[in-house]
Amino acid sequence: VWNPWDKKAKSMADFGDDEYKHMLCVEAANIEKAITLKPGEEWKGRLELSAVPSSYCSGQLDPQRVLQGS
């Protein structure tokens with residue numbers, strides 16, 4: 001997960017100076033087990049994302065309480 005933030009956004013020709021405020025890049029990766037492919041072999045992966053309600057991030061909900069289910 002990354003965001004270029006203000007300084008890098010200003011240095012990116014295809015990115016508006018303030019666009020970093022409205023974006024988040026999520027990149028998939030396989031980190032638990034190496035995958036080795038022989039010539040001609042293919043591998044497909046899958047990424048599943050879930051959205052968290054904005055009230056969770058705005059401080060309206062206590063994250064610890066939500067995670068504990070109480």
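Quick one: which of 19-32, 38-51, 2-15 comes out on top by average Cβ neighbours within 10 Å, and what's the full order, highest first?
Ranking, from highest mean packing down: 2-15, 19-32, 38-51.
Near residue 7, which aspartates and glutamates are there with a Cα under 13 Å away, not counting those fewer than 8 places off in the same chain?
17, 18, 19
Values quoted throughout were computed directly from the atomic coordinates according to the rules given, and no laboratory measurement underlies them. The structure displayed is predicted, hence computed values, not measured ones. So basically every Cβ, Gly included, is an ideal-geometry build from the backbone, and we count neighbours across all protein chains shown.
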